[in-house]
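Presented below is the structure to which this report refers.
The values are calculated or read from the model by the stated rules, or taken from the named source; none is laboratory data. All values reported here derive from a predicted model rather than from experimental measurement. Neighbour counts run over all protein chains shown; Cβ positions are idealised from the backbone, glycine included. Quick note on the areas: whole protein, heavy atoms, side chains included, nothing else; ligands and nucleic acids left out. Shrake-Rupley method; radii C 1.70, N 1.55, O 1.52, S 1.80 Å.
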Amino acid sequence: MGKALIIGAGGVASVCIHKCCQNPDVFEEICIASRTKSKCDALKEKLDGGKTKISTAQVNADNVDELIALINSFKPDVVVNLALPYQDLTIMDACLATKVNYVDTANYEPLDTAKFEYKWQWAYRERFEKAGITALLGSGFDPGVTGVFSAYAMKHQFDEINYIDILDCNAGDHGYPFATNFNPEINIREVSAKGSYIEDGKWVETEPMEIKRVYNFPEIGEKDMYLLHHEELESLALNIKGIKRIRFFMTFGQSYLTHLKCLENVGMTSIVPIEFEGKQIVPLQFLKAVLPDPASLGPRTVGKTNIGCIFIGKKDGKDKTYYLYNVCDHQECYKEVGSQAISYTTGVPAMIGAAMLLTGKWNKPGVHNIEEFDPDPFMEELNRFGLPWKESFDPELVD
Ligand code: NDP
């Protein structure tokens, strides 16, 4: 059906590429391009021989001209950005210049401020519309499937949704005292930032990890979870009718939190450059270099993830609650594609989002968050490609 250029060759990209190769009628040809070409070649070597034709390339995705040259030579129908949030705008610029559709899994973040906002990417709306191309923002799990779940709940279960709680539980154990499940720099920037949620149209800010709840997750059990700022709150509060409050909670174990506090206290999580032996270094980037590579956690992580959304609203004048979630097993993911469940739960929806654009099931020129599209074909593909969803009409609620 079409050609996809996948940028990045890390944990999420690896899963997405495996999944593209499981869906060769849609992904006839892919090019894997990243900063370190050897990682792209290693993936090609592992997956070559199937129906999807694979090529590789070296690219610095901070450089728009390099990206344009690569797009012009490969001529993809869609570019899937699985590098880091810092590259979102340069890749969008290259897509605009070449009139190619765009997909990502995380919103743009400037290197020097850990600030997650859609304003930079939403500013491209008119230009994408005029160019007749679609940018699909946030096609991972959260953001991503959480937005699709919200659109599905709105379409099939509610007349209005007043409250959404997004719950992200990772009960996986990798056996290290401290490691992050995806890019450590991005992960630590996210969890050490102030928390926030939206109530009555306004952001309410909290101290980092100030709000804690205990939740009994289906198929996992009781876990401590903490309120975090998360990017999809911003778009869902605008796109889902009737929202009064929307919050995001993520589980953390005590060992992770104690290590994080200590690293923060000694200044290792700072993103402000310091001088070290005549060289400028960013403490957080140095910390990333000494932590385990998330891609290496796959073989040693056991346990499950449970990520989903609890909706409270009204249907036919009556109050209603509804919980949609997915449970994923780290070892099952590793057996299938050689990665743990965090990369898996992000890489599968990235492939599905790209497939929605390639098949023309989703086609809406402009820049759009995932909940703005028809959720039904995406929900079907989640079941087909390894992230089956479950529903409950009587879930435990978060106070
Ligand atoms: P990794 O660090 O494992 O991979 C990032 C990849 O991007 C690496 O291959 C890296 O190259 C490449 N890269 C970085 N900078 C450049 C550049 N300038 N030019 C070209 N390539 C570059 O990260 P993950 O796979 O864990 O995460 C990928 C994305 O997914 C991130 O944006 C993350 O925020 C997002 N994410 C989204 C989630 C969701 O649910 N929505 C959940 C988890 C992650 P090199 O190998 O040389 O370092």
In this structure, is Arg213 open to solvent by less than 20 Å² (accessible area, probe 1.4 Å) and of a type in the set (Lys, Arg)?
no
Among the residues of the range 217-259, write down those that are closer than 22 Å to Ala153 by Cα and either part of a strand (DSSP E or B) or small (Gly, Ala, Ser) (or both).
Phe217, Ser235, Ala237, Gly242, Arg245, Ile246, Arg247, Phe248, Phe249, Met250
Kindly evaluate Glu117 against the criterion of being among the charged types (D, E, K, R), part of a helix (DSSP H, G or I) and more than 14 Å from the ligand (Cβ to nearest atom).
no
When every residue in the range 70-87 that is part of a loop (DSSP other than H, G, I, E, B) and within 10 Å of the ligand (Cβ to nearest atom) is compared, the one least open to solvent (accessible area, probe 1.4 Å) is Leu82
Flagged in the range 144-193 as more than 16 Å from the ligand (Cβ to nearest atom) and among the charged types (D, E, K, R), in numbering order, are Lys155, Asp159, Glu160, Asp165, Asp173
Exclusive hit being touching a residue at least 40 places away in the same chain (Cβ under 8 Å), in contact with a strand residue (DSSP E or B) (Cβ under 7 Å, 6 or more places away or on another chain), in a helix (DSSP H, G or I) and not small (Gly, Ala, Ser), set Ile342, Ile352, Ile310:
Ile342
Among Ala289, Ala295, which is in contact (Cβ under 8 Å) with a residue 40 or more places away in the chain, assigned to a helix (DSSP H, G or I), open to solvent by 50 Å² or more (accessible area, probe 1.4 Å) and on the phi < 0 side of the Ramachandran plot?
Ala295
For the range 38-69, give me the residue count where each residue is under 26 Å from Thr359 (Cβ atoms) and open to solvent by 20 Å² or more (accessible area, probe 1.4 Å).
11
For the range 125-179 the number of residues that are part of a helix (DSSP H, G or I) and not basic (Lys, Arg) is 15
